[in-house]
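The values are calculated or read from the model by the stated rules, or taken from the named source; none is laboratory data. Quick caveat: nothing in here was measured; it's all calculated off a predicted structure. Here the Cβ positions follow ideal geometry from the backbone for every residue, glycine too, while neighbour counts run over all protein chains shown.
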Amino acid sequence: MDNRLYIFDTTLRDGEQVPGCQLNTVEKIQVAKQLEMLGVDVIEAGFPISSPGDFNSVIEISKAVTWPTICALTRAVEKDIDCAAEALKYAKHKRIHTGVGTSDSHIQYKFRSTREKIIETAVRAVKYAKQYVEDVEFYAEDAGRTDNEYLARVVEAVIKAGATVVNIPDTTGYCLPHEYGAKIKYLMEHVDCIDKAIISTHCHNDLGMATANTLSGVINGARQVEVTINGIGERAGNTSLEEIVMITKCHPMLNIETNINTQKIYPTSRMISSLMNMPVQPNKAIVGRNAFAHSSGIHQDGVLKDVSTYEIMNPKDVGIDDNSIVLTARSGRAALKHRLSVLGIEVEVEKLNEIYEQFLRLADKKKEINDDDILMLAGADRSTNKGIKLEYLQVTTGLNIRSVASLGLRISGELFESAATGNGPVDAAIKALKQIIKRDMTLREFTIQAISKGSDDVGKVHMQVEYNDVNYYGFGANTDIVSASVEAYIDCINKFRD
Ligand code: KIV
Ligand code: ZN
């Protein structure tokens, strides 16, 4: 069997379905170009019929990217397929990804249909997509809970209709690794024309088994894996690209090869985390802050004697370059530019100057500037063009007194000022803000995270504010956590759709 494993990245489609992580078209192009550099084979760029934004992003990504196949998702519905074909018109290599639910639960409750009718729908959709593109992938949604015998009939029918790739999603993340592997094996052994198509895995992580299931699928014959950077995705996320790629690299016995340039993994992970405002858990395999940090005395002793005692891979292989992580106020523009580029961010001179100014201001407050600070600075312009800006903030707080905040907001050039008391400095500041922005809005979620260590650290604040039954997500970062909190609240308000 061929040992080449195709990497299908769905960060921009399944990954982007995470609430609060939506990217604009410019950001999506930036991600797509980074994925191209990383060496992915397929980029799932969006679900064009779902919104004009998604449609437009697929068009722009198709124009911007050369080597990877650009894929667009559809339901097994003609108007979806027409729309995807239109969005893909500029792609050099294009694929339509169409499909329908095949589990009894989907057939009975979602479609109120029958197994036979679902096979007809699937075949019709594949044939319809084939009119537009040669490369058609079919997904059997909820294949994880679909009876294997019936699934084999679906797979055989769609391959005969022209599907080049057949995706077997464990949509609910329910399968056990041996079960999922057995499903792929069953298809490999029972579908007549299986050699005419590639079988793909698409595993969700609801029970923490996405990577194990994907690997089990590969061991049993799947040759495409659908993955996301940092494992992001709806609910508990998808299989993470970095885990599958590094498993195959660290285990040559598997005899699996990918086209991934592993040294681009870490910069890509940082870029996604920063653009999507989604922190990576410190103990995340491969890309977490602690993934290569040996803190116990016994480990440090071993690593100093010989790294192989406790390290199964070289951090440099995934692009972690620990020599130059720290910048200080004495670092010049060139060092900053180099660090940005290691982190996957290429900037023009003007933008570099802008970031450098902010960098110097931060370096005045903080001795050492780390990667997260730099990413924050590079993304810190996200809200500068928005309607409301925090002009100033002053807070008096302490033990056994009520906190008092006064602030000024610049709205369309005009300054509005207010003061309020509260249970704490953030409460007081937000009350003052609400006296100016008189909307019926409720704070639903509020997290503060220090980036690394030290009392001079930058605090990152994520907030979720409900307004008109919609949840808006906002972000703020500052060495002063009250300012960061107000900035995050303002970021939410600036996103309100009235
Ligand atoms: O999880 C899933 O089943 C999917 C399909 C739409 C491919 O994302
Ligand atoms: Zn999915």
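Being part of a strand (DSSP E or B) and touching a helix residue (DSSP H, G or I) at 6+ places or on another chain (Cβ under 8 Å) is the filter; apply it to the stretch 214-259 and report the residue that is surrounded by the fewest Cβ atoms within 10 Å (Cβ to Cβ). Walk me through how you get there before you give the answer.
Here is the first cut: in the stretch 214-259, the ones part of a strand (DSSP E or B) are 224-228, 238, 240, 257.
Next, only the ones that are touching a helix residue (DSSP H, G or I) at 6+ places or on another chain (Cβ under 8 Å) stay: 225, 227-228, 238, 240, 257.
On the way: V225: 28, V227: 29, T228: 26, N238: 31, S240: 27, E257: 13.
Within the stretch 214-259, the match that is surrounded by the fewest Cβ atoms within 10 Å (Cβ to Cβ) is E257.
G221 versus (1) within 18 Å of E156 (Cβ to Cβ); (2) within 15 Å of ligand 1 (Cβ to nearest atom): which is the lone unmet condition? G221 satisfies every listed condition except (2). Within the stretch 166-187, residues that are without any contact (Cβ under 8 Å) to a residue 60 or more places away in the chain and closer than 27 Å to E134 by Cβ have Cβ atoms under 6 Å from residues that are assigned to a helix (DSSP H, G or I) and within 13 Å of ligand 1 (Cβ to nearest atom) in these pairs: I168/A143; P169/A143, counting only partners at least 6 apart in sequence or on another chain. The single condition from (1) outside the structural domain of V486 (by TED's automatic domain parsing); (2) among the small types (G, A, S); (3) closer than 21 Å to Y473 by Cβ that A429 fails is (1).
Out of V347, V318, which single residue is under 30 Å from K249 (Cα atoms) and either touching a Ser or Thr at 6+ places or on another chain (Cβ under 9 Å) or assigned by TED's automatic domain parsing to the domain that holds I260 (or both)? Lay out the reasoning, then the answer.
Details: V347 fails: under 30 Å from K249 (Cα atoms).
Checking each option against the conditions leaves just V318.
Pairing each residue of the stretch 478-494 that is aromatic (F, W, Y) with any residue that is at pLDDT below 95, provided the two are 6+ apart or on different chains, yields C-beta distances under 8 Å for Y489/L443; Y489/M463; Y489/V465; Y489/G474; Y489/G476. Put simply, of A285, A236 the only residue that is within 16 Å of ligand 1 (Cβ to nearest atom) and in contact with an Asp or Glu (Cβ under 7 Å, 6 or more places away or on another chain) is A236. Taking each residue of the stretch 299-324 that is under 20 Å from E242 (Cβ atoms) and at pLDDT 70 or above and looking for partners that are surrounded by 14 or more Cβ atoms within 10 Å (Cβ to Cβ) and of a type in the set (K, R) with beta-carbon atoms closer than 7 Å, six or more apart or interchain, yields G319/K264. The listed residues are Y109, Y150, Y174, Y128, and the only one of them that is within 14 Å of ligand 2 (Cβ to nearest atom) and aromatic (F, W, Y) turns out to be Y174. For the stretch 417-445, a tally of residues being in contact with a strand residue (DSSP E or B) (Cβ under 8 Å, 6 or more places away or on another chain) and free of Cβ contacts under 8 Å to residues at least 40 places away in the same chain returns 19.
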